[in-house]
Amino acid sequence: MNRLLQVAFAVFFALVVAAVRMPAQTFGQVTGQITDSSGAAVPDAAVTLKNTATDAVRQTVSTASGDYSFPSLPPGTYSIAAEKQGFKKSESSNITVQVQQTVRLDLTLAVGQVTESVVVNASAVALQAENATVGITEEAAQTATGRALGCLDSPRTSEDTLERGL
């Protein structure tokens, strides 16, 4: 009996630790590569990401291979800009980040002065190619749950309720 109690406690403890270590993932990420017009990587480019709803700004610098990443982003709409001395500033807006989504957005810097800029006003590709996770917003989950339960159909009459046993 004592051995059974120890095993039960160990299993319970393991489940509690697993539940605490795996909170719901509610963040997304924007990642990409900065290149020049010939396709060569642009290292040390200043990359700035701005949440258009909150005006929160994050900054990073591209790596030696031109890569950049902004992890742990709350879902929302963002704009991004990349610049480096000797190149025109490149900007893109209307980048939508969803729950557990990695948005890949590569930027190209054209040769020119920093005072010149290339502005792209388009959405980033919504394809989730960076990893295999799937996320859903709370509103979408509630809508899907309502449809599955038949709560979003036309109003029910008392006859429908009796027929379906509801």
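Of all residues assigned to the stretch 136-150, none qualifies as being among the hydrophobic types (A, V, I, L, M, F, W, C), over 18 Å from F27 (Cα atoms) and at pLDDT 60 or above. Restricted to the stretch 95-116, and to residues there that are charged (D, E, K, R) and surrounded by 14 or more Cβ atoms within 10 Å (Cβ to Cβ), the residue that is farthest from I34 (Cα to Cα) is R104.
Considering the stretch 26-94, the qualifying strands (runs of 3 or more DSSP E), each wholly inside and each with 1 or more residues that are within 21 Å of the chain's Cα centre (by Cα) and surrounded by 18 or more Cβ atoms within 10 Å (Cβ to Cβ), run over 28-36, 46-51, 67-73, 76-83.
The values are calculated or read from the model by the stated rules, or taken from the named source; none is laboratory data. Please read these numbers as outputs of a predicted model, since none were measured by experiment. Cβ: placed from backbone, ideal geometry, glycine included. Neighbour counts: every protein chain shown.
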